[in-house]
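Engineer: Below: one structure in structure tokens.
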Amino acid sequence: MPWLLRIKRKFNAAHFLTNYHGKPEPLHGHTWTVEVYIRVDSLDEGGMGKDFVEVENFLKEVLPDYTLLNDIFDFSPSAENVARWLYQKVKERYPSVEKVVVWETENCGAEYFEV
């Protein structure tokens with residue numbers, strides 16, 4: 001019987017989109033919210049699939065808090081591209097990751113998964 005674990009974390013970062021259609025997008029910041037979904041097929045003796053604290057600490061290490069995303073990424077830092085980047089980072093540590101959701105605002109975000 002599988003479980004889908006969900007871990008959510010926020011980080012603050014600024015960005016601007018390159019090759020944006022329309023008028024140039026100015027530099028601006030967000031409090032981004034990320035959600036990581038990890039599938040587990042069994043529980044350990046303590047009844048857990050993964051230790052949430054361990055996953056939260058990993059996210060704390062990899063998320064680019066208080067940075068200009070354009071300075072650290074070699075791609076346009078849209079929510080879609082950040083979701084794909086984070087999915088790939090999480091997959092290196094947690095191969096059973098199902099998807100990653102990245103929210104730029106409360107109402108706008110993108111999810112990345114592989115089929």
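The values are calculated or read from the model by the stated rules, or taken from the named source; none is laboratory data. Source: prediction; values computed, not measured. Note: ideal-geometry Cβ built from the backbone for every residue, glycine included; neighbour counts use all protein chains shown. Surface accessibility is based on the protein's heavy atoms, side chains included, excluding ligands, DNA and RNA. Shrake-Rupley method; radii C 1.70, N 1.55, O 1.52, S 1.80 Å.
Engineer: For the chain, what does the helix formula give at 222 nm: sum of -39500 (n - 2.57) over DSSP H segments with n ≥ 4, over the residue count, nearest 500 deg cm²/dmol? Kindly include the intermediate steps, with their values, before the conclusion.
Structural biologist: Details: 3 runs with 30 residues, N = 115.
So the helix-based figure for the chain works out to -7500 deg cm²/dmol.
Engineer: Under 8 Å for C-alpha pairs, at least 6 residues apart: give me the relative contact order for the chain, rounded to a whole percent.
Structural biologist: Values: 194 pairs, mean separation 35.9, N = 115.
Value for the chain: 31 percent.
Engineer: Could you provide, to the nearest whole Å², the per residue accessible area of the chain with probe 1.4 Å?
Structural biologist: On the way: 7350 Å² over 115 residues.
That works out to 64 Å² for each residue.
Engineer: Tell me, what ³J(HN,Hα) does each residue in the stretch 102-110 have, in order and in whole Hz, if you take phi through Karplus 6.51 cos²θ - 1.76 cosθ + 1.60 with θ = phi - 60° and put x for Gly and Pro?
Structural biologist: Going residue by residue, I get 10, 9, 7, 9, 4, 10, 10, x, 9 Hz, with x marking Gly and Pro.
Engineer: For a protection proxy built on the mean count of beta-carbon atoms within 10 angstrom, sort 54-66, 18-30 highest first, please. The partial results should precede the final answer.
Structural biologist: Details: 54-66: 14.5, 18-30: 9.5.
Order by mean packing, descending: 54-66, 18-30.
Engineer: Now for a different question. Under 25 Å between C-alpha atoms is the cut-off here; go through the chain and count lysine pairs that meet it, provided they're at least eight residues apart or on different chains.
Structural biologist: 19
Engineer: From the P(r) of the stretch 17-72, can you give the percent of Cα pairs sitting at distances over 18 Å?
Structural biologist: Details: 863 of 1540 pairs.
For the stretch 17-72, the share of Cα pairs beyond 18 Å comes to 56 percent.
Engineer: May I pose another question? Using a Förster distance of 30 angstrom, determine the FRET efficiency expected from the C-beta separation of residue 19 and residue 61, and round it to 0.05. Provide the component values of the computation, followed by the final result.
Structural biologist: Values: r = 30 Å, r/R0 = 1.00.
For R0 = 30 Å, the calculated efficiency reads 0.50.
Engineer: Sequence-distant or interchain residues sharing an amide H contact under 5 Å with residue 63, placed H: which?
Structural biologist: Counting only residues 5 or more places away or on other chains, the set is empty.
Engineer: Tell me, what does the Kirkwood hydrodynamic radius of the chain come to in angstroms if you use every pair of distinct C-alpha atoms? List each step's numbers first, then the result.
Structural biologist: Numbers: mean 1/r = 0.0666 Å⁻¹.
Answer for the chain: a Kirkwood hydrodynamic radius of 15.0 Å.
Engineer: Taking the chain as a Gaussian network, where each spring joins two C-alpha atoms under 10 Å apart, which residue of 35, 98, 45 fluctuates the most?
Structural biologist: Looking only at 35, 98, 45, the largest GNM fluctuation is found for 45.
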